[in-house]
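Here's the structure, in structure tokens; my notes come after.
The values are calculated or read from the model by the stated rules, or taken from the named source; none is laboratory data. Note that the structure is a prediction, hence the values are computed from the model and not measured. Cβ: placed from backbone, ideal geometry, glycine included. Neighbour counts: every protein chain shown. Ligands, DNA and RNA are stripped out before the accessible areas are found, and what is left, the full protein with its side chains, is counted by its heavy atoms. Shrake-Rupley method; radii C 1.70, N 1.55, O 1.52, S 1.80 Å.
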Amino acid sequence: MHDKRVALVTGANKGIGLQVAKDLAVRGFTVLVGSRDLERGEAATKGIAGDARALALDVTDTKSIAAAAEGIRNELGRLDVLVNNAAISHAGKSGRSLEEMMKAGRASVASLDEVRSVFETNVFGVIAVTQAMLPLLREAPAGRIVNVSSTAGSLTRNSDPTNPLRSMFGASYSPSKTALNAITLAFALELESTRIKVNAACPGFTATDLNNFQGTRSVEQAACEPVRLALLGPDGPTGTFSNDDGVIPW
Ligand code: NAP
């Protein structure tokens, strides 16, 4: 059996996922850098100090997910941490500004194809990857699942008329994170009697490709809460949604 703890971060070839991978590698994990393009994943591992290995993983591709799980079982035998980080904010051409994303995502005009694509990655991808990795997480002494969500998906926050950001709540990205929160709770409830803890983290508004680098936080700041949840001890919570400031209402 592999002696180091093993973490898989999906969509870790760039952005917040890459920083989470760096932070876990520094803490002694063998980190599997999930990337739908293996070359991009391999390039990313070069910037990670520690034991980082690229893993081809497209979260929307059943075969890719099954192959990744089989590879982990054969090479490492278990998974201690799964960070479901991969996501898309829209399915249009790259470089869309936040304003363009908000306009295209409005409930009255959002393209159903785009809504389906966003849910395929951000929700169904997480269910599929988590289901495939669960047998490996059950092999670990203290399995941890962290779903990288967003306050954009908080129904409580977005139904509050005093929240100035609620105009951004459209029909695709934000509801995909609402659904991801529900899925987080579903896995947490089912696994409550096991050693596995399942929590959702919001990294905050961070400058990455996801928002055309219009975010205001650094990836170093953004990675803190997902990493904290990945490292929870036996007394830590399960079935929660939080950021640096504490619990976020669902
Ligand atoms: P990012 O820089 O765009 O990174 C997204 C990552 O997901 C990339 O590695 C991308 O791979 C990968 N990905 C997309 N579709 C995939 C698929 N089908 N299979 C596998 N990987 C896929 O965005 P980010 O800001 O770091 O986002 C990371 C997480 O933080 C997401 O869950 C996002 O919703 C969440 N979040 C971000 C913010 C923010 O302000 N940035 C705020 C709240 C929550 P490619 O390079 O191949 O495209």
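Which residue is nearest to A222 (Cα to Cα), if the candidates are limited to segment 146-169 and must be surrounded by fewer than 22 Cβ atoms within 10 Å (Cβ to Cβ) and touching a residue at least 60 places away in the same chain (Cβ under 8 Å)? If you could, list the steps in order and put the result at the bottom.
First, pick out the residues of segment 146-169 that are surrounded by fewer than 22 Cβ atoms within 10 Å (Cβ to Cβ): 151-152, 155-168.
Keeping just the survivors that are touching a residue at least 60 places away in the same chain (Cβ under 8 Å) gives 151, 155-157, 167-168.
On the way: T151: 13, L155: 22, T156: 22, R157: 20, S167: 23, M168: 20 Å.
Ranking the qualifying residues of segment 146-169, first place goes to T151.
If a residue must be open to solvent by 30 Å² or more (accessible area, probe 1.4 Å) and touching a helix residue (DSSP H, G or I) at 6+ places or on another chain (Cβ under 7 Å), how many such residues does segment 40-53 contain?
So the count comes out to 4.
Pick from segment 108-125 the residues that are outside any helix (DSSP H, G or I) and polar (S, T, N, Q): which of them is surrounded by the most Cβ atoms within 10 Å (Cβ to Cβ)? Break it down into steps so the answer makes sense when it comes.
Kept after step one, since they are outside any helix (DSSP H, G or I), are these residues of segment 108-125: 108-111.
Those still in the list that are polar (S, T, N, Q) too: 108, 111.
On the way: S108: 6, S111: 15.
In this case the residue turns out to be S111.
Any residue at all in segment 152-169 that is within 16 Å of the ligand (Cβ to nearest atom), in contact with a Pro (Cβ under 9 Å, 6 or more places away or on another chain), part of a helix (DSSP H, G or I) and of a type in the set (K, R)?
There is at least one residue in segment 152-169 that is within 16 Å of the ligand (Cβ to nearest atom), in contact with a Pro (Cβ under 9 Å, 6 or more places away or on another chain), part of a helix (DSSP H, G or I) and of a type in the set (K, R).
Inspect segment 188-201 for any residue being farther than 17 Å from L137 by Cβ and either open to solvent by 30 Å² or more (accessible area, probe 1.4 Å) or within 14 Å of the ligand (Cβ to nearest atom) (or both) and give the result as yes or no. Steps first, answer last, please.
Filtering segment 188-201 down to residues farther than 17 Å from L137 by Cβ leaves 201.
Checking the rest, the ones that are also either open to solvent by 30 Å² or more (accessible area, probe 1.4 Å) or within 14 Å of the ligand (Cβ to nearest atom) (or both) come to 201.
Looking for residues that are farther than 17 Å from L137 by Cβ and either open to solvent by 30 Å² or more (accessible area, probe 1.4 Å) or within 14 Å of the ligand (Cβ to nearest atom) (or both), one finds at least one in segment 188-201, hence yes.
How many residues are near the ligand (Cβ under 8 Å from one of its atoms) and open to solvent by 40 Å² or more (accessible area, probe 1.4 Å) if we restrict to segment 205-220?
The number of residues fulfilling the criteria is 4.
Show the residue pairs that are 6+ apart or on different chains and have beta-carbon atoms under 7 Å apart, the first residue being within segment 57-71 and open to solvent by 30 Å² or more (accessible area, probe 1.4 Å), the second being β-branched (V, I, T) and not in a loop (DSSP other than H, G, I, E, B).
Here the result reads T60/T121, each pair linking segment 57-71 to a residue that is β-branched (V, I, T) and not in a loop (DSSP other than H, G, I, E, B).
Kindly establish whether G105 is touching a strand residue (DSSP E or B) at 6+ places or on another chain (Cβ under 9 Å) and farther than 23 Å from E70 by Cβ.
Spelling it out, it is not the case that G105 is touching a strand residue (DSSP E or B) at 6+ places or on another chain (Cβ under 9 Å) and farther than 23 Å from E70 by Cβ.
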